[in-house]
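Every read-out reported here was derived from the displayed coordinates using simple, explicitly stated rules and does not represent laboratory data. This is a predicted model, so every value here is computed, not measured. Cβ: placed from backbone, ideal geometry, glycine included. Neighbour counts: every protein chain shown.
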Amino acid sequence: MYKHALPGLGIVLAAQMLGAAPAPPSDKDKIQGTWRIESVESGGALMPQENYKQWTFNIKDDKLTIKVGERVRTEYTIKIDDNKKPKTLDLTREVGGRKLIELGIYELDGDTWRMCNDEAGIARPTEFGTKEGTRLEIVILKRVKQ
């Protein structure tokens with residue numbers, strides 16, 4: 001009676017073990033944690049690194065908190081889509097009771113996160129680059145090792 005039940009159980013267990021491979025982490029999972037600014041380019045010019053020396057980007061779930069030292073500068077809700085080409089991000093914040101959305105694209109390569117945003121929220125960039133007279137900005141971040 002049990003002679004036939006055990007081989008079937010073995011097949012079920014083997015199928016569960018083979019089919020239960022965890023999904024690879026999404027970019028949303030990969031960006032969690034603390035990041036420091038490596039460089040900022042805005043309006044076609046590289047900004048002095050000294051301006052951003054104490055800035056950190058802290059990601060927890062879908063919240064992005066930008067701090068200067070210990071002071072919170074800005075808080076955003078971050079939404080990313082790693083299935084689009086290029087990958088996209090939306091940064092949403094409340095200012096004076098109004099919802100403002102920065103549209104952007106990004107690349108994630110290990111501990112380097114590069115994003116290009118339109119701070120004015122007018123149009124999503126299609127490539128990495130900034131131009132004088134626009135509110136396009138490229139930010140390069142490095143993960144803070146804990």
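Here are the numbers for the structure shown:
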item	result
Mean-position separation - Cα centroids, the stretch 72-126 and the stretch 43-60, in angstrom	15 Å
Label-point gap, in nm, between E75 and A45 - each point 7 angstrom along Cα→Cβ	3.3 nm
GNM flexibility winner over the chain from K28, K53, K84 (Cα, springs under 10 Å)	K84
Spherically averaged projected area of the stretch 71-144 from its Cα convex hull (nm²)	6.0 nm²
Gain upon complete extension [K99, Q32; 0.36 nm per residue less C-alpha separation]	21.8 nm
Estimated dipole of the chain in Debye, rounded to 20 [Cβ of Lys and Arg +1, of Asp and Glu -1, Cα centre]	400 debye
Inverse of mean 1/r across different Cα pairs in the chain, Kirkwood, Å	17.5 Å
Inter-label distance, nm, simple model (7 Å from Cα along the C-beta direction), K53/E132	2.9 nm
Estimated distance in nm for a label pair at A123 and D82, the labels positioned 7 Å out from Cα along Cα-to-Cβ	2.9 nm
Relative contact order of the chain, defined on C-alpha pairs under 8 angstrom at six or more residues apart (%)	22 percent
